[in-house]
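These notes concern the structure reproduced below.
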Amino acid sequence: MKIDELLLELSNLDALPGQEQYVQRYLKESIHKESSQDAFGNLYFGDLQTSKKKVAIYAHMDEVGFCVQRMTEDGFVYFYPIGGWWGHVILGQQVRVTCRKNGSVLEGVVGTLPKGSKMDKEVVPINEMYIDFGASSKSELEAAGLQIGDMILPNTKANRNFNGTKIIGKALDNRVACAVMTELLNHVTTDKIEVIGVATVQEEAGTRGSKIAAREVDADINIVIDVANGKDTPKAADYQTRILGEGTGLVVADKTALANLNLLDFVKDIAEKERVAYQYDMFNGGGTDAGSVQLYKGKPTIVLSVPVRYCHSWNSVVDISDVVGTAQLMKKVIQALNDGREIIDQF
């Protein structure tokens, strides 16, 4: 399956932090390597007990979303946000909730009337928003299987745009990385190093999964793949960065981690040699799994970012060429590390 087709399927799966089972199942079926799973839910592809040098590729499976917080007696549902949300993008949107009791999926809409039944100029606080499933009572919702804590996510379907160059869908943060990792693990063979694919849970809820995974893997090199909010749209920023179509972001720094610059330069040199597009990146806010991973034994760690517009919203946009290019760059980096195993000790 081509990487863009992988991404379309991954985008349509639902995986709230702590409820990543659908993406876990998909990756187990799609990645052609031996896998294991820890008690927290992180997946590992490869031999964790190997005596070879280990290179870990991290991609988180979860996405920002909501869970059921309470139900009113007349059948409306208030919800709790998990991950960073901006109130502007929520009102009036369609959602789907997965009932963990019986697997039923209920579709609804976020109500658009704030207090007083009038439209204010201010953004309605999320804790005042509610979801209308068209139910007449709380008991009707409960009979359908709805419980407190059930995951609520945007009710969208990923598609290519009109000219086929981009994908529009939810959860591109971080299904983009899941697709890249799948492509890499299925098409790169190494004999001198062990490549470990690490699919983490609960990244959007405080990078919790990677805190456990870093210790389980204990890799010699860590490469975290994530996305970064594109700043190439009108009025998004005074200085445009993370430009769609201009390649993988080599992240120098974010709020939680600083790149190992020797490793970063190594990747940059390969990108230039292989003529793979790249752009430098720095996160002014937020972080990735690298913040947790880097602090375990201090092993060389970098982040590769893929520019994506409108992260943490109902629909994000990614350029397929950036996804393909990131996978190509990763393949070349892994091949270079395998062919020159001693390079790893130089970082």
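The values are calculated or read from the model by the stated rules, or taken from the named source; none is laboratory data. Since the structure is predicted, the reported quantities are computational estimates derived from the model, not experimental observations. Cβ sites come from the backbone with ideal geometry, for glycine too, and all protein chains shown count toward neighbours. Note: areas computed on protein heavy atoms with side chains; ligands, DNA, RNA excluded. Shrake-Rupley method; radii C 1.70, N 1.55, O 1.52, S 1.80 Å.
Somewhere in the range 247-257, is a residue over 16 Å from Asn222 (Cβ atoms) and surrounded by 22 or more Cβ atoms within 10 Å (Cβ to Cβ)?
yes
Could you say whether any residue in the range 114-129 is under 29 Å from Val224 (Cβ atoms) and not in a loop (DSSP other than H, G, I, E, B)?
Within the range 114-129, one or more residues are under 29 Å from Val224 (Cβ atoms) and not in a loop (DSSP other than H, G, I, E, B).
Of the numbered conditions (1) in a helix (DSSP H, G or I); (2) more than 19 Å from Ala56 (Cβ to Cβ); (3) in contact with a helix residue (DSSP H, G or I) (Cβ under 8 Å, 6 or more places away or on another chain); (4) open to solvent by less than 40 Å² (accessible area, probe 1.4 Å), Val324 satisfies every one except a single condition; which is it?
(4)
With the condition being in contact (Cβ under 8 Å) with a residue 12 or more places away in the chain and crowded, with 23+ Cβ neighbours inside 10 Å, I'd like the strands (runs of 3 or more DSSP E) fully within the range 16-75 carrying at least 1 qualifying residues.
Output list reads 43-45, 53-60, 65-71.
List the pairs whose first member sits in the range 176-187 and is in a helix (DSSP H, G or I), whose second member is surrounded by 24 or more Cβ atoms within 10 Å (Cβ to Cβ) and charged (D, E, K, R), and whose Cβ atoms are under 7 Å apart, counting only residues at least 6 apart or on separate chains?
Qualifying pairs under 7 Å: Ala177/Asp226.
Give me a count of the residues in the range 150-164 that are farther than 16 Å from Gln93 by Cβ, open to solvent by 50 Å² or more (accessible area, probe 1.4 Å) and touching a residue at least 60 places away in the same chain (Cβ under 8 Å).
2
Could we say that Arg160 is of a type in the set (Lys, Arg) and in the same structural domain as Tyr44 (by the TED database) here?
Working: of a type in the set (Lys, Arg): yes; in the same structural domain as Tyr44 (by the TED database): no.
Here the answer is no, as Arg160 does not meet what is asked.
Sort out which residues of the range 76-88 are exposed (fewer than 15 other Cβ atoms within 10 Å of the Cβ) and touching a Ser or Thr at 6+ places or on another chain (Cβ under 8 Å), and write them in order of number.
Across the range 76-88, the qualifying residue is only Trp86.
Among the residues in the range 244-253, are any in the same structural domain as Val324 (by the TED database) and part of a helix (DSSP H, G or I)?
Looking through the range 244-253, none of the residues is in the same structural domain as Val324 (by the TED database) and part of a helix (DSSP H, G or I).
What do you reckon, is Val227 in contact with a strand residue (DSSP E or B) (Cβ under 9 Å, 6 or more places away or on another chain), in a loop (DSSP other than H, G, I, E, B), modelled with pLDDT of 95 or more and open to solvent by less than 60 Å² (accessible area, probe 1.4 Å)?
Against the criterion (in contact with a strand residue (DSSP E or B) (Cβ under 9 Å, 6 or more places away or on another chain), in a loop (DSSP other than H, G, I, E, B), modelled with pLDDT of 95 or more and open to solvent by less than 60 Å² (accessible area, probe 1.4 Å)), Val227 does not qualify.
Suppose we keep only residues that are within 12 Å of Gln294 (Cβ to Cβ) and outside any strand (DSSP E or B) within the range 203-224. Which one would you say is most open to solvent (accessible area, probe 1.4 Å)? Reasoning before the result, please.
Quick first cut of the range 203-224, residues within 12 Å of Gln294 (Cβ to Cβ) only: 207, 210-211, 214, 219, 221-224.
Going one step further and asking which of them are outside any strand (DSSP E or B), we end up with 207, 210-211, 214, 219.
Numbers: Thr207: 24, Ser210: 0, Lys211: 91, Ala214: 5, Ala219: 5 Å².
Of everything passing the filter in the range 203-224, Lys211 is most open to solvent (accessible area, probe 1.4 Å).
Filter the range 274-283 down to the residues that are in contact (Cβ under 8 Å) with a residue 24 or more places away in the chain and either open to solvent by 40 Å² or more (accessible area, probe 1.4 Å) or more than 19 Å from Tyr58 (Cβ to Cβ) (or both) and list them by number.
Once the filter is applied, which keeps residues that are in contact (Cβ under 8 Å) with a residue 24 or more places away in the chain and either open to solvent by 40 Å² or more (accessible area, probe 1.4 Å) or more than 19 Å from Tyr58 (Cβ to Cβ) (or both), the range 274-283 yields Glu274, Val276, Ala277, Tyr278, Gln279, Tyr280, Met282.
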